[in-house]
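Working notes, structure below.
Please treat every number below as a calculation from the coordinates, not as lab data. Bear in mind the structure is a predicted one, so any value in this text is a computation, not a measurement. Note: ideal-geometry Cβ built from the backbone for every residue, glycine included; neighbour counts use all protein chains shown.
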Amino acid sequence: MVKVQHEDFDAGAEIASMRLSRPDIGAVAVFLGQVRDINDGSSVVKLTLEHYPGMTEKALEDIVAQAVKRWHIFDALVIHRVGTLQPMDQVVMVAVVGAHRAAAFDACEFIMDYLKTQAPFWKKELTGSGERWVEARESDNLAKARWDQ
């Protein structure tokens, strides 16, 4: 399941809804990302995330489908916020449920690595010295590349 939204989310409630009535689940792997107050040496006052509605959801759904196909997992959830966020606001959640931890961990990390490099989001930070677009990091591309082997 994929959700792109302006509203905050309750991670605990989202996890609970994935695992209720599923006695076959033995593992839940979760990544929660939040807005940092500093990036590349500058203090961040706010972060604005933009996306293309429809296209972004489709890209995220494709990433989740790849993970489901590649690992034996039961389900995955991606929630990504858009709009203007402040430091310490939640921005992204990836949750994966499966029978075993190894598959859940790997699928969760795969989804996050692909999300960072393949999902059409654009980030603009407001810092003490003005606004700037956040460029893709080489470390994100390297993280994704290890899954391509």
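At least 3 residues being in contact (Cβ under 8 Å) with a residue 60 or more places away in the chain and closer than 22 Å to residue 9 by Cα is the threshold, and among the helices (runs of 4 or more DSSP H) wholly inside region 31-149 those reaching it are 55-70, 101-118. Kindly check whether there is at least one residue in region 98-107 that is of a type in the set (A, V, I, L, M), under 16 Å from the mean Cα position of the chain (by Cα), surrounded by 13 or more Cβ atoms within 10 Å (Cβ to Cβ) and closer than 20 Å to residue 60 by Cβ. Yes, region 98-107 contains a residue that is of a type in the set (A, V, I, L, M), under 16 Å from the mean Cα position of the chain (by Cα), surrounded by 13 or more Cβ atoms within 10 Å (Cβ to Cβ) and closer than 20 Å to residue 60 by Cβ.
Would you mind stating whether residue 50 is surrounded by 11 or more Cβ atoms within 10 Å (Cβ to Cβ), over 30 Å from residue 129 (Cα atoms) and out of contact with any helix residue (DSSP H, G or I) (no Cβ under 7 Å at 6 or more places or on another chain)? It is false that residue 50 is surrounded by 11 or more Cβ atoms within 10 Å (Cβ to Cβ), over 30 Å from residue 129 (Cα atoms) and out of contact with any helix residue (DSSP H, G or I) (no Cβ under 7 Å at 6 or more places or on another chain).
Here is the figure for region 52-92: residues that are under 15 Å from the mean Cα position of the chain (by Cα) and among the basic types (Lys, Arg) total 2.
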